[in-house]
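Peer 1: Here it is: the structure, laid out below.
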Amino acid sequence: MKKRSAASEVYLILMTVLMYLPILIVMAYSFNESKLSSVWSGFSLTWYADLFRDRDIGTALINSLILGVLSSLAAAVIGTLGAIGTQRTSFRGKGVMEYIATLPMMTPEIILGMLFLAFFSLLGLPFGMMTLVISHTAFCIPYVFMQVKARLAGMDKSYEEAARDLGAGPARVFLDITFPLIFPGILSGILLSFAMSFDDVIISVFVTGANVNTLPILIYTRLKTGLTPKINALCTLMFLATLLLVLFSSVLGRLGNHSKSENNSEKKGSKTMKKSLALILALVLCLSVSGMAAPAFADGETLTVYTWAEMFPPEVLNAFEAETGYKVNYVNFDLDETMLAKLEAANGGDYDVVIADDYIIERAIELGLLQKLDKEKISNFGNINPIYQGQFYDPTDEYTVPYGAGVQTIAYNPANVSIPVNGYADLWDEAFKDDIALTANYRVMIGMALKILGYSYNTNNLDEINEAGELLYKLAPNIRLIKDDFIQDDLVSGEVSAAVMYTSQVTMAKLADPSIEIVYPQEGIGFGIMGMFVPVNAPQPDAAHAFIDYILRPEVSAQCYEWLGYYCTNKASDDLISDEFKDFLVLPEEFEMEDMEMIGNISAEADSLMNEIWTQFKTLCGQE
């Protein structure tokens, strides 16, 4: 036997480390006491306890497992029959048919998602588990088709011919000869399909319904408010479950080796089928355990809330259910544009309360997808901070209630900064060379340069935008990072000394390191608002108004904003925000509306120019 060289062994070890080291790091940080995912502050099991209390994750996990099993089994049947049909018959257009069968695998997922959305809307099918299963089956079929087709191409046809010569009919030949020989291909196709279905986000967000949320959608949408080590804990448990599944399958397969068979192909088929049985049993076990973790709701009407994940503390939703008797069905989207597409497809129905960003709300109002609020049912409407009312997207406050504001904020570590920081202009100082992190929001970042020059965030003047672009290019030597996710970790860990961040990121950074300083830029503050609204054909408008009124209670709002990490838009709650959060969730008393400017929609021409400037800026920063 030829021995492996030392180089090949080193290469093997290196590849193994590169494959499993990220998994081990994720597992280690699942025991991190800090809310930040990459800053270690001590050992704790807090996130595991929090995970098992999170009913949304339990429900989403069950949905994902059911969806993966149903779509992979359906794809197995269709893909296998298609492979047999194309491999065993000759007809005109066979090559075209084989190409069409693999087309879903080569089509970008966002295109498939939009096609499925339009298709189901035209058919009038209600969005939910059925539409998810249909769409997932469609894009999983090629994985089974390719595997089975390859197996059939390499199969010795003499086995089937011998069986027919001995008098076996077509059905008997298929069941006793063909199926055992192609079963490994079917099984590998099922496993691939299950993995692809379980992991899918893009197609799922387009075709899921008001009553179904999947685990990938839930995790992805939590990027809006920031991921915590609770997701690390979930990944750790899923990895351990997968490991147990593999071990269980291996043990069962070895037990099958003790059984004797005269037919070698039957023996292999039996062995493989036993492994598949192990897989099915393990999946059933996972479903059972997840089902035990999922809460049982009392009978009652359902209120469907459609927004990003983790926008409310679980205690608030539980208290609302206990007080009103409504069951809260919490469904998530990834992007505002996805929400608008789903709301249009549902003709302003399916959902009772939606929370989205300001710019998309303006478009939804134009499309007639919102109903005017009945303020007589919202007794706490007067609690809203007037600074956040009368904005461009709802100038008469007829349709929306603000739920949190994102304020453009500079945060820096005073231990690493040698100059005073009072505004945007200070970030251009050479003291910050290669030491600043920016969010990847081109409107906000170009807005910094516009405000330094004394212009509006929302200018449509192309000369002003070009002038701001030239100023922004001069900032490039100071930029170390441009990204949206986990930028607070880079500031806390010392990777950068200053950052322009989203409000929720500033909150997490301050909680992790209270010494971090926050600056409200002297040039003026840009901000955006998330708004709550009721769709025009909401199934439960009374429940929706009751929910909005409940959230506007001062004590409830204070609890929500401390959880959410965005600026409090409820004036009556300002004094109830705890001292730990007040500095970065409540605007200073001396702030007036003229100190702030809402970042609104601009002309297509101005937006296109800003995109060009932003692309050039990222290139200068080495971030492309």
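The values are calculated or read from the model by the stated rules, or taken from the named source; none is laboratory data. Computed from a predicted model, the values in this text were never measured in an experiment. Counting neighbours? That spans all protein chains shown, and the Cβs are built from the backbone with ideal geometry, glycine included. For the accessible areas, the whole protein counts, side chains as well, though only heavy atoms, and no ligand, DNA or RNA atoms are used. Shrake-Rupley method; radii C 1.70, N 1.55, O 1.52, S 1.80 Å.
Peer 1: Of all residues in the range 3-52, which are over 26 Å from P229 (Cα atoms) and β-branched (V, I, T)?
Peer 2: Filtering the range 3-52 for residues over 26 Å from P229 (Cα atoms) gives 3-15.
If the condition is that a residue be over 26 Å from P229 (Cα atoms) and β-branched (V, I, T), then V10, I13 are the ones that fit.
Peer 1: Among the listed residues A210, A195, which satisfies the condition of being in a helix (DSSP H, G or I), out of contact with any Lys or Arg (no Cβ under 8 Å at 6 or more places or on another chain) and either among the aliphatic types (A, V, I, L, M) or closer than 30 Å to T503 by Cα (or both)? Give the derivation first.
Peer 2: Values: A210 fails: in a helix (DSSP H, G or I).
That would be A195, the only listed residue that is in a helix (DSSP H, G or I), out of contact with any Lys or Arg (no Cβ under 8 Å at 6 or more places or on another chain) and either among the aliphatic types (A, V, I, L, M) or closer than 30 Å to T503 by Cα (or both).
Peer 1: Just checking, how many residues over the range 339-388 are of a type outside the set (D, E, K, R), within 16 Å of Y403 (Cα to Cα) and under 26 Å from the mean Cα position of the chain (by Cα)?
Peer 2: Number satisfying all stated conditions: 7.
Peer 1: OK, next. Which one of these is modelled with pLDDT under 90, in contact with a helix residue (DSSP H, G or I) (Cβ under 9 Å, 6 or more places away or on another chain) and farther than 29 Å from I62 by Cα: L191, L152?
Peer 2: Numbers: L191 fails: farther than 29 Å from I62 by Cα.
It is L152.
Peer 1: I'd like to check something: does the range 194-206 contain any residue that is polar (S, T, N, Q), buried (at least 20 other Cβ atoms within 10 Å of the Cβ) and within 20 Å of P104 (Cα to Cα)?
Peer 2: Here is the first cut: in the range 194-206, the ones polar (S, T, N, Q) are 197, 204.
Next, only the ones that are buried (at least 20 other Cβ atoms within 10 Å of the Cβ) stay: 197, 204.
In the following step, the residues that additionally are within 20 Å of P104 (Cα to Cα) were identified as 197, 204.
Yes - at least one qualifying residue is present in the range 194-206.
Peer 1: Looking at E590, is it open to solvent by 10 Å² or more (accessible area, probe 1.4 Å), closer than 20 Å to Q389 by Cβ and either at pLDDT below 90 or part of a loop (DSSP other than H, G, I, E, B) (or both)?
Peer 2: Working: open to solvent by 10 Å² or more (accessible area, probe 1.4 Å): yes; closer than 20 Å to Q389 by Cβ: yes; either at pLDDT below 90 or part of a loop (DSSP other than H, G, I, E, B) (or both): yes.
Yes: the conditions hold for E590.
Peer 1: Kindly evaluate S573 against the criterion of being buried (at least 21 other Cβ atoms within 10 Å of the Cβ) and either more than 27 Å from I360 (Cα to Cα) or more than 28 Å from the chain's Cα centre (by Cα) (or both). Before the answer, list the steps.
Peer 2: Numbers: buried (at least 21 other Cβ atoms within 10 Å of the Cβ): yes; either more than 27 Å from I360 (Cα to Cα) or more than 28 Å from the chain's Cα centre (by Cα) (or both): yes.
The answer is yes for S573.
Peer 1: Then there's this: Restricted to the range 473-498, and to residues that are in contact with a strand residue (DSSP E or B) (Cβ under 8 Å, 6 or more places away or on another chain) and among the polar types (S, T, N, Q), which residue is farthest from W40 (Cα to Cα)?
Peer 2: For the range 473-498, the residue satisfying everything is N478.
Peer 1: Please give the helices (runs of 4 or more DSSP H) falling wholly within the range 453-532 in which 2 or more residues are open to solvent by less than 20 Å² (accessible area, probe 1.4 Å) and of a type in the set (G, A, S). Lay out the reasoning, then the answer.
Peer 2: Values: elements: 462-473, 487-493, 503-512.
Helices (runs of 4 or more DSSP H) meeting the threshold: 462-473, 503-512.
Peer 1: Same structure again: Can you tell me how many residues within the range 372-396 are touching a strand residue (DSSP E or B) at 6+ places or on another chain (Cβ under 9 Å) and open to solvent by 40 Å² or more (accessible area, probe 1.4 Å)?
Peer 2: 2
Peer 1: Residues being among the basic types (K, R) and part of a helix (DSSP H, G or I): count how many of those fall in the range 126-162. Show your work before the answer.
Peer 2: Keep residues of the range 126-162 that are among the basic types (K, R), which gives 149, 151, 157.
Next cut, part of a helix (DSSP H, G or I) only: 149, 151.
Selection size over the range 126-162: 2.
Peer 1: What pairs come out if I take residues in the range 28-53 that are under 20 Å from D485 (Cα atoms) and pair them with residues that are open to solvent by 60 Å² or more (accessible area, probe 1.4 Å) and modelled with pLDDT of 85 or more whose C-beta lies under 6 Å away, six or more apart or interchain?
Peer 2: Close Cβ pairs (under 6 Å, with a partner that is open to solvent by 60 Å² or more (accessible area, probe 1.4 Å) and modelled with pLDDT of 85 or more) amount to V39/S493.
Peer 1: I'd like to know if the range 544-561 contains one or more residues that are surrounded by fewer than 15 Cβ atoms within 10 Å (Cβ to Cβ) and assigned to a loop (DSSP other than H, G, I, E, B). Don't jump to the end; show me each part of the working.
Peer 2: Here is the first cut: in the range 544-561, the residues surrounded by fewer than 15 Cβ atoms within 10 Å (Cβ to Cβ) are 555.
Now narrow it down to the ones that are assigned to a loop (DSSP other than H, G, I, E, B): none.
Within the range 544-561, none of the residues are surrounded by fewer than 15 Cβ atoms within 10 Å (Cβ to Cβ) and assigned to a loop (DSSP other than H, G, I, E, B).
Peer 1: Do we find that Y399 is open to solvent by 40 Å² or more (accessible area, probe 1.4 Å), of a type in the set (S, T, Y) and touching a Phe, Trp or Tyr at 6+ places or on another chain (Cβ under 9 Å) in this structure? It would help to see each step written out before you state the result.
Peer 2: On the way: open to solvent by 40 Å² or more (accessible area, probe 1.4 Å): yes; of a type in the set (S, T, Y): yes; touching a Phe, Trp or Tyr at 6+ places or on another chain (Cβ under 9 Å): yes.
Yes; evaluated as a whole, the condition is true for this residue.
Peer 1: Specify the residue that is nearest to Y143 (Cα to Cα); the eligible residues are those in the range 66-113 that are hydroxyl-bearing (S, T, Y) and assigned to a helix (DSSP H, G or I). Write out each step before concluding.
Peer 2: Looking only at the range 66-113, we keep the residues that are hydroxyl-bearing (S, T, Y), and these are 71-72, 80, 86, 89-90, 99, 102, 107.
Restricting the remaining residues to those that are assigned to a helix (DSSP H, G or I) gives 71-72, 80, 86, 99, 102.
On the way: S71: 12, S72: 10, T80: 10, T86: 15, Y99: 13, T102: 8 Å.
Only one residue fits best here, namely T102.
Peer 1: Confirm whether Q540 is of a type in the set (S, T, N, Q), closer than 22 Å to A319 by Cβ, touching a Pro at 6+ places or on another chain (Cβ under 7 Å) and open to solvent by 10 Å² or more (accessible area, probe 1.4 Å). Reasoning before the result, please.
Peer 2: Working: of a type in the set (S, T, N, Q): yes; closer than 22 Å to A319 by Cβ: yes; touching a Pro at 6+ places or on another chain (Cβ under 7 Å): no; open to solvent by 10 Å² or more (accessible area, probe 1.4 Å): yes.
Criteria not met by Q540.
Peer 1: Determine the pairs where a residue that is more than 13 Å from Y442 (Cβ to Cβ) and in contact (Cβ under 8 Å) with a residue 60 or more places away in the chain, located within the range 610-622, has a partner that is assigned to a helix (DSSP H, G or I) and open to solvent by less than 20 Å² (accessible area, probe 1.4 Å) with Cβ atoms under 6 Å apart, the partner being 6 or more residues away or on another chain.
Peer 2: So the pair list comes out as L620/A476.
Peer 1: Does any residue in the range 450-462 that is farther than 17 Å from A425 by Cβ come within less than 6 Å, Cβ to Cβ, of a residue that is open to solvent by less than 60 Å² (accessible area, probe 1.4 Å) six or more places away or on a different chain, and which pairs are these?
Peer 2: N458/G600; N458/I602; N460/I602; N460/S603; N460/A606; L462/L609
Peer 1: Taking the range 114-159, which residues are open to solvent by 70 Å² or more (accessible area, probe 1.4 Å) and within 23 Å of S204 (Cβ to Cβ)?
Peer 2: M114, L115, F119, L122, L123, P126, M130, I134, M146
Peer 1: Shifting gears a bit: Please go through the range 435-455 and pick out each residue that is in contact with a helix residue (DSSP H, G or I) (Cβ under 7 Å, 6 or more places away or on another chain) and either polar (S, T, N, Q) or on the phi > 0 side of the Ramachandran plot (or both).
Peer 2: Within the range 435-455, T439 is the sole residue that qualifies.
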